[in-house]
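Report on one structure; see the data block that follows.
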Amino acid sequence: MNRYIYQISRIIKKSQNRNILSRWISILFFNLIISSCLYAAFDEMNVGARAQGMAGAFTAVSDDVNALFYNPAGASMLKKSEFTSNYGKLFMGLDDNSSIGSSFMGFVYPTERYGALGMSWYNLSLSGFYDETVLSLSYSYNILSKIAVGVNVKDLMRKFGSNDYTKTAIDTTGNTRLDIEGVSVDPVFEKSRRTTNISGDLGLLYTYSNVVSFGFSAKNVTSPDVGLIGSDKLPVTYRLGVSYRRNNYLLSLDALNENSDICIMTGAEKWFTKNNIGIRSGLLVGNRRLSNISIGSTLKFDDLSFDYAFLWPLSGIKDTYGTHKISLNIKFGKKTISVGETKRIEKAKRIEAEKKAKEESEKLEFEAERIKKETEARLLEAKRKEKEIENMQKSSAIQEAVMLKTMKKSEMEKAFKDAMLDYQKKVSRGIGVIERITQLDKVIKKYDNSSINISDAVKERESVLKIQQSLRKDYNYSFDYYLKLKSRGAKKEERKNILSKIIEKYKGKGIDISEAEKEFEEVK
């Protein structure tokens, strides 16, 4: 680049009073030399209205097709094929009506297993006087679930226009240089006004979590020589970035190093109305008193979106209307899931399943412990009551035995008949089977060793036991029917109604209905 500065200085010396030329040189000087951190030769930092709305802090974001130039590793993060076309008008309102424009078109095709392929075209032009073009092929792949790498292979082309000033040559002594035909010719453009070379970019994107990402890129890694005469090597440009996104907002920070020139870029983005409208802003600062602010917005319609960005230089060129960028972005095709995304989804599912299984296991252990304690408490209470009843029965039996010894046979027969009559009255009032058996057992036990006939009580007890056995069969049939309905996927409410009817019908009938009661507690 120093050779071009020298040539420009020679032209200025020769054309000190030519205002038009001075304006041309001012434009070229400011945009290609002074602001080297922002717009150096073959610098694609001014690509994409969305990225520029965040002052170019896009290395760790790289979630759209513009990642091809900011960080090619981000291309593998795209879920659909994506195309973009954007145009920028740099420093509008220059006093000589000169036009500085930048254009970019890019396309990314993601695959599920083989990474993402991309291609792009970039152009920077200065009113036909100066032109830069970059053609690039890109590839990105997730080497791990959270790490993606990318590479660009690109052709760099530089072209200078032709006019009276480029044909005028002044040597180091101040004399005009002529070719063999006597026509003046500038030694810089003597052989050609066009140069081309091949170079490449590398990128790395690390998705630390769902909200934090880190990015790194190295541009022009081969330091290609794009000089017309002599050597004019492009420096390697390093970018390091971090981004933080949650819900509908995004924060990003980038640091750039090029030939010891340092730039710091920071940006913020916010989305509204179901992510259909986005706004953003950014700030860029660097050495050589470089500073720049930017704002931008997006209007999105499903897979179609429009971006706009406005950049205002806080130093350098003054009295312009700033830089304006517009982009059209289109997504199309089937949504793909990359290998890295598949691994992340599988890992997340596995972690969730393990977490759920652990929670379920802890819940079952807690429930088992609770049931164990309740069962132990019930057994202790049942034993205590059983002991009380046993003691009461012993005491009652002793009293009755003493009383029976003093009674005559006729008196015992009358007492037995009264006991059976009392039993029949209770049966007519609807006492349950278990109560009937208990009542009969008391009568039989009381008069079993006496001389009276108690066959009526014995026969009645056998009859009640048959009823109990029949009820047990009916209960088992009813509960088996419930279990069949359950296995066929009966609804919870239907199961609850059936169980409540079973419990109501067989409770207190002297049969074990604990299974039905347990099921009812589970569906209640």
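Restricting region 135-147 to residues that are modelled with pLDDT of 95 or more and crowded, with 22+ Cβ neighbours inside 10 Å, the residue that is farthest from G48 (Cα to Cα) is S140. Of all residue pairs spaced 6 or more apart or on separate chains, those with beta-carbon atoms under 9 Å, a first member in region 380-395 that is closer than 22 Å to K446 by Cα and a second member that is part of a helix (DSSP H, G or I) and modelled with pLDDT of 75 or more are Q393/K442; Q393/K445. When S243 is tested against (1) more than 24 Å from T84 (Cβ to Cβ); (2) touching a residue at least 40 places away in the same chain (Cβ under 8 Å), only condition (1) is not met. Filtering region 502-511 to residues that are of a type outside the set (A, V, I, L, M) and either modelled with pLDDT of 85 or more or surrounded by 15 or more Cβ atoms within 10 Å (Cβ to Cβ) (or both) leaves E504, K505, Y506, K509, G510.
Before we move on, is K274 more than 23 Å from the chain's Cα centre (by Cα), among the basic types (K, R) and in the same structural domain as G101 (by TED's automatic domain parsing)? Here the answer is no, as K274 does not meet what is asked.
How many residues does region 280-295 contain that are in a strand (DSSP E or B) and either over 17 Å from S243 (Cβ atoms) or charged (D, E, K, R) (or both)?
Taking region 280-295 and keeping what is in a strand (DSSP E or B), we get 280-286, 290-295.
If we keep only those that are either over 17 Å from S243 (Cβ atoms) or charged (D, E, K, R) (or both) as well, we get 280, 285-286, 290-293, 295.
Adding up the residues that qualify gives 8.
Of all residues in region 313-338, those satisfying the criterion of being buried (at least 17 other Cβ atoms within 10 Å of the Cβ) and among the charged types (D, E, K, R) are K325, K331. Among the criteria (1) buried (at least 24 other Cβ atoms within 10 Å of the Cβ); (2) in contact (Cβ under 8 Å) with a residue 60 or more places away in the chain, the one D96 does not fulfil is (1).
So which residues in region 417-439 are in a loop (DSSP other than H, G, I, E, B) and of a type in the set (K, R)? Before the answer, list the steps.
Of all residues in region 417-439, those in a loop (DSSP other than H, G, I, E, B) come to 429-432.
Result: R429, single match.
Looking only at region 458-500, which residues are of a type in the set (V, I, T) and closer than 18 Å to E521 by Cα? Give the steps one after another, and end with the answer.
As a first pass, look at region 458-500 and keep what is of a type in the set (V, I, T): 458, 464, 467, 498.
Scanning region 458-500 gives a single hit, I498.
I want to confirm something. Restricting to region 246-260 and keeping residues that are touching a residue at least 40 places away in the same chain (Cβ under 8 Å) and of a type outside the set (S, T, N, Q), which single residue is nearest to T273 (Cα to Cα)? The selected residue is L250.
The rows are residues; the columns are (1) in contact with a Gly (Cβ under 9 Å, 6 or more places away or on another chain); (2) under 21 Å from V212 (Cβ atoms); (3) at pLDDT 95 or above; (4) not aromatic (F, W, Y).
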{"site": "D43", "(1), (2), (3), (4)": "no, no, no, yes"}
{"site": "S62", "(1), (2), (3), (4)": "yes, yes, no, yes"}
{"site": "F69", "(1), (2), (3), (4)": "yes, no, no, no"}
{"site": "S76", "(1), (2), (3), (4)": "yes, yes, no, yes"}
{"site": "K80", "(1), (2), (3), (4)": "yes, no, no, yes"}
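Give all pairs with beta carbons closer than 8 Å in which a residue from region 103-124 that is farther than 17 Å from L156 by Cα meets a residue that is of a type in the set (K, R); count only pairs at least 6 apart in sequence or on separate chains. The qualifying pairs are P110/K79; P110/K80. Yes or no: S231 in the same structural domain as V149 (by TED's automatic domain parsing), farther than 24 Å from N46 by Cα, modelled with pLDDT under 85 and out of contact with any Ser or Thr (no Cβ under 9 Å at 6 or more places or on another chain)? Yes.
Checked against (1) modelled with pLDDT of 85 or more; (2) in a helix (DSSP H, G or I), N453 meets all criteria but (2).
The values are calculated or read from the model by the stated rules, or taken from the named source; none is laboratory data. Source: prediction; values computed, not measured. So basically every Cβ, Gly included, is an ideal-geometry build from the backbone, and we count neighbours across all protein chains shown.
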